[in-house]
Structures are given as structure tokens and as C-alpha cells.
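Notes follow the structure.
Each value in this text was obtained by applying a stated rule to the coordinates, not by laboratory testing. Here the structure is a predicted model, which means the values were calculated and not measured. Neighbour counts run over all protein chains shown; Cβ positions are idealised from the backbone, glycine included.
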Amino acid sequence: MSRLSFTLEKTASGSRARATRFKTLHNEVLTPTFMPVGTHASVRSQSREDLLDVGAQVLLANTYHLLLRPGVEIFQQFGGIHNFMKWPRSVLTDSGGFQIFCLPNSRVMKEEGAYFKSYVDNQTICLSPEKSIETQKFIGSDIMMVLDQCVPSTVEKSIAKSAMELTHRWALRSLAARGDSPQSLFGIVQGACYQDLRIESAKIISDMPFDGYAVGGLAVGETKSEREDCTATVTDLLPQDRPRYLMGVGTPLDLLEAVHRGIDMFDCILPSSLAQQGVTFTTLGKRDLRRGVYRTMEGPLDPACSCYTCNTYSLAYLYHINRVRDTRAWQLLALHNIHYYLTLTRQMREHILADTWMEFYQQQRQIIGQNDSYGPKSVIGAKQARGQRKLTRGRYEIVEKDGIGRIRCVRSGEVMHSVNNPEVEARELYVEQSKLLERVGNAEDPPLVIWDVGLGSAANAMAAINALESVPADVRPRKVKLISFENDMDALKLSLGHRGLFRHLRHGGPETIVKDGRWISRCGLIEWILLEGDFAETKFNAEPANLVFFDPFSFKTDSALWTLTAFEELHACLKDQPALIFTYTTSTAVRAALLAAGFYVAHGQATGPKSETTVALNELAKQLEPDWNYLGETWLSKWQRSDAKMPYGISAASEATAPGWESKILTHKQFAAPLT
């Protein structure tokens, strides 16, 4: 039985859009509704009184951050978060699962929970399902969330499945830990963008006696259409008599589309974070107060808005205080944005109840998606528009997130480094993990040869060059030859036209490599060479590598580079000297191909949201570096049970074309001893 006294009031004709109501420990909540984000028990830049005035029914706070600061003892002292922050209405606490996703470099994932290093005192804590629920009980939130493992929505299926199954096990433990607490508890559906996994997760989670259900793991790399399809798939399977919450989403258009597909509750930081940049949402479309056209405008930000900001200040004044970076601008614009979100959800509810939803939905789809069109175009706006038109080249386009550029393959829809900062991943995964700087300290050694497979926007190549140039030449006297392989230079050429989004390209090397195919550092110790063309052919013309940074797009985009045949050829190219391969994937199929090709395979370090990556070594490298964390019997047992055990390029129907690959894995010397 639900603790929320839930009532489904009406479902719109021709839609899954719902108007519902439920009672928490502090107030009745009418849906659809938007929950302003108060991560640290405070909605940034907003006062309690303003949030009450605009009609916020529920605030969202974060368990992980509140556990670290101020700590559960403060909530015990004050009798919970409501008295602590003097908030009379509902509070929903996220479990900390998103921090498992966001803080990968300071956590270790285990069955019992996620081990974090506290950013407050650097102490290690275990955030388990039981610890998360215990903390949420002390906080005293109205709605608690189960601890889950969120992964990027575009991650390999085997990783998504493993995270989903862990989420299910943790959900049961969270239910048990909740006990007889009067607080409500929501389960979370995971499964990335794989429809069969989402269906499986929705069925399993909805069979558990939660008071509401959330759709997690979206808005972390997938396309808009993928997010909408996934939402519709899940809501079709969730119980009708419980609230449905889409976590961390999103823009006003995202809310509109999600309500149309049966979602009731939302949270997102966009109203505040975009306000800090001067961007607002209005009934006439999105407004960007960085545009010079607003400098002399006397009217309100939104003529149809009744918020304090629109009732009090002119566009000219808001433009001015935003331009001079007065913190009051952030507060006023965020207040308007939150008011807009809450007004929008109230209007949704009114039209659902009046059964005029479909007309409202079609009308708002046209309005909400409009960009800044308020007033004549300024010179700055025209320049920005011209810049936007140049964000594509060939099969690639630039995707901007938090001021950082990423490359998307238009044909496949995949984004390289969809969640991670590309510079950070390149440094952690390739430069630091390969111990590059430790390998260049002896001038008597032959040149160190690095293969950069998949040049892309040159993030990995420049990470290596910047690391080498960061220390004096006499400290790293060994010569380095960096060989980049690429069959389509459009990604780098496009990125070079937008160096503001690709900071690693603020260097003379990339432009020279595009122009001349070769760049040499001033000290003469670093030589960078470009080999254009198909890696399947060009690798045979290259000097054998000591280190391989293997970073093409996934099998979906660059399928030929991930097959057993490709790795067998790579093994043959590298057989005469010690060689190590570093790659971002942990795909079972890729690891199986590497093993069948003759490589030893080890667990690589975590980076971004990935709990681990992959390292492969040939026989000579294995003899010199035996201490890597090699895959052992545990992995082998899971591989034998896996439904994705075959290397890419092999199917049951074509297995005869690659005879013996399975026995090569089973008899591999890596598994001769009980490795772990």
C-alpha cells in the first residue's frame, strides 16, 4: 500500500499525459510538477520566501552532499531538514546514485556499495543502499530515492546490463532498510538506451512495493528522440496508481514531451544554471540577455509573466546587471525561470483536466522550441548565427556542453566523450595510465613510439604532447615518435575552427599536422606524424608501437577496427617488441577478441563515469610488466555465461570463418593460474 494516498484524476484524450495528486508528510502535491534543485538544502540564489511565492511544492536535496556537509548529526539536532532550512512543504532526497556517476575518480564500485573519498576531509566512506536510506531517514525527507548505479545512456550493453542488475539488488536492500518509516520511497528504472533492458528493469522494479517510480539514467548522452522513446517504453509498463518521476530532465520542451508520455514529476538545474549565463525561458521562446539588442529595451522580460522580476525590472536593467556580472542578475533571472517552469506545469495540469491537452501540447511545441527572436537581430546575434551554421563539417558536428566541445558522428548519432571532459579523459586514460612520463627518462633508450588510433579532434595526441612539454627536456631526454592514424580529417579541421570549445588545440601542433602531416617540437625530442587512410592498411606501414592509444568511435561507427581479425593483425604488427594497448571500452566482445588475438588483457583504471577501462599487452610486455590487474577466473566465468561472448565480426552463422577462437580464450596462458 502506498504511503502517498495517490489519486489519478484524469488522463488526457489521445495522450498519456496525466493529472494526479498525492499527499506527503507535509503537503498535497498536484502534478505535473517541477521540483527546484536545492542540492545542499538551499536553492542557489533563491530565498525561501520567493520559492513559496512562486508555488514550489517539492524541493530536491542530495543525500551524498548532505551526508558530508553539514552531516547527519546536524539533522538529528534540528529534527530534520524541514526545521533546518525552515521549509514547510515537501522535500525529495536523491540517494547519491548520481554522485556515483559524477565522481568516478574518487570512488570504487563494489557489490556492497560505492566507496568515496570525501571532498570535505578526504576520508573514505561507503555509500551503500543501507547507508543512503539511513542518511535520508535522518534528513527526514518526504520522499526518499533508492541507491542506484547510473551509467551513460550510450554505454556498451554489457555495462548497462550489469549496472541495471546491481540497481535491482540495491533496490531490494533499500526497501528492507526503509522498514516502517513513514517516509515514501521511490524505485528507479535503469537500462541505458536499450529497449529490452528498460523493459526488463521496469517490470522488475514495478513488482517491488515502492510508493512511486523514477526513470533514471537519461539526459546523460542520448539524443532527444532516444530519451523520448525510452520514456514512453518505461511509462507503458509502470503502475497507473503511483507517481512517475523523470530524474534530471530538463528543458521546458523536455518536460512537455515527457508529460505527453506519462511523466508526473521533474527536477533539473537548468533554470538556475542557465540564468547564471543570462539565458531565460519565456512564453515567447528562449531569451539570451547577452544579446546587445536588449541594452535599451524598456519592456519586461516576458510580457505574459507575473513573477517579481517581470513585474519590477526592465529588459534594459536586466541586461545591464547581467553584463556587469552583478549576482543580483542571477537571482532575478533564476527566479523568473523557476516561476516559468512551475507556471508551465500548472498550465499542463489545467489543460489535462479540461481535456484540451492535445491543442495545448501542439501549440507549446512550436513556442517553447523557439530561440531568441524578441526584437530585431543584433550584429552580435548575426555573428553568433553564422557561427552556429559552421558547427558541422562532413559527417561530424560539434556538440557543446558546459563550454566544452565534443564531436558527434551525424550518421550514427554517437558523441565522442559524451559525458567526460575529453581533455581529462585523455590525460587520465592514456597519458597517466600508460605512465608516459616515466618511460621517457633515459636518453639511451630507442625512441618511444606511440600509436594514436583515431585522431579525431586530437585530444589524446595533444594530451601526450602537453604532458611531455610540461617537464624540461633534460628530465625526459628520450625521443618520442607519435603516429596518429585517421581516415577522415574533418573532425580535426572542424574543431580547429572553434578553438574556444577545444582548448587543447591552442597549440601550433594540430594546425601543422593538418597542413604538413608532420610536426616536430622545438627541442627536437617529439615528432608527430599523421598517417591518413584506412588503419587496416596504414598500420602495416608504420613503425611498430610501444604504446597504443586505441580510441576510435565504437563498433557502431567504426566496426572494422573492433573485430577479431583487426586485433589479430594488430597483434602481428606489434609482436617484435613490448607493446601495450589502452582503450576506453570494457565490452566483453572486445576483450574476447583481444584475448583470442593473443593479447593479455587487464582491468584499466576508471575514467569519467566508467568504473574501469581495458589494457592489453603482448607477450613481451607481459614479461616486463607482470603486475597489471589481469582478467582472471571471475571474468572468464562471466564470459562463459555471457550472451555477448563472441568477438565483434563473428556470429553463430559465420563462426566457421574464425575457427578455434573460443578455445584460444579458454586455453589462454592468462588463465593458466588463478588470477583475480
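For n ≥ 4 DSSP H runs only, could you compute -39500 (n - 2.57) per run for the chain, divide by its residues and tell me the 222 nm figure to the nearest 500? Don't skip to the answer; put the middle values down first.
Working: 26 runs with 243 residues, N = 676.
Calculated from helices alone, the mean residue ellipticity at 222 nm is -10500 deg cm²/dmol.
Rg/Rh, computed from the Cα trace of the chain with Rh as the Kirkwood radius, has the value 0.99.
Starting with the highest mean, order 281-290, 190-199, 553-562 by the number of other Cβ atoms within 10 Å, averaged over the residues of each peptide.
Details: 281-290: 19.5, 190-199: 21.1, 553-562: 18.0.
Descending packing order for the listed peptides: 190-199, 281-290, 553-562.
The equivalent ellipsoid of the range 270-384 has semi-axes of 26, 16, 11 Å, largest first, where each one is the square root of 5 times an eigenvalue of the Cα gyration tensor.
Within the shell defined by Cβ-Cβ distances under 10 Å, the residues around ALA467 carry a net charge of 0, with Lys and Arg each +1 and Asp and Glu each -1. Against the chain, whose longest principal axis is taken from its Cα atoms, helix 129-139 shows a tilt of about 30°.
The radius of gyration of the Cα set in the range 189-288, together with its Dmax, comes out at 14.5, 45 angstrom.
Hey, could you grab the Kirkwood Rh for the range 141-208? Inverse mean 1/r over distinct alpha carbon pairs, Å, one decimal. Please report the intermediate quantities before stating the final value.
Numbers: mean 1/r = 0.0812 Å⁻¹.
Kirkwood hydrodynamic radius for the range 141-208: 12.3 Å.
At a 10 Å Cβ-Cβ cut-off, how would you order MET297, MET144, fewest neighbours first? Don't skip to the end; give the middle numbers.
Working: MET297 16, MET144 28.
Ascending Cβ contact count within 10 Å gives the list MET297, MET144.
Rounded to the nearest 20, the size of the Cβ-charge dipole of the range 39-145 about its Cα centre is 160 debye, with Lys and Arg at +1 and Asp and Glu at -1.
What list do you get for VAL615, VAL189 if you sort them by fewest beta carbons within 10 Å? Write out the running numbers ahead of the final one.
Numbers: VAL615 26, VAL189 33.
So the ranking, lowest neighbour count to highest, is VAL615, VAL189.
In summary, the lysines within cross-link reach of LYS117, defined as a Cα separation below 24 angstrom excluding same-chain residues under 8 places away, comprise LYS131, LYS137, LYS435, LYS610.
Taking a Cβ cut-off of under 10 Å around LYS669, the surrounding Lys, Arg, Asp and Glu residues balance to a net charge of 0, with basic ones at +1 and acidic ones at -1. Stokes-Einstein, applied to the Kirkwood radius of the range 421-490 over Cα pairs at a viscosity of 1.002 mPa s and 20 °C, places its translational diffusion at 170 µm² s⁻¹.
Could you work out the relative contact order of the range 563-676, using alpha carbon pairs under 8 angstrom and six or more residues apart, expressed as a whole percent? Relative contact order, the range 563-676: 32 percent. Taking packing as the residue-averaged number of other Cβ atoms within 10 angstrom, the listed peptides 307-318, 505-516, 145-156, 216-227 run from highest to lowest as 145-156, 216-227, 307-318, 505-516. For the range 563-676, just say rounded, prolate or oblate: build the C-alpha gyration tensor, square-root its eigenvalues into a ≥ b ≥ c, call rounded for a/c under 1.5, and beyond that prolate if a/b exceeds b/c, oblate if not. Taking the square roots of the gyration eigenvalues as a ≥ b ≥ c, the range 563-676 is rounded.
Checking the a/c ratio against 1.5 first, then a/b against b/c, what shape does the Cα gyration tensor give for the range 383-514? Since a/c reaches 1.5 and a/b is larger than b/c, the shape of the range 383-514 is classed as prolate.
Could you tally the net charge around THR538, taking each other residue with its Cβ under 11 Å from the Cβ of THR538, Lys/Arg +1 and Asp/Glu -1? Display every interim value, and only then the final one.
Working: positive: LYS539; negative: GLU486, GLU532, ASP534, GLU537.
Here the charged neighbours net out to -3.
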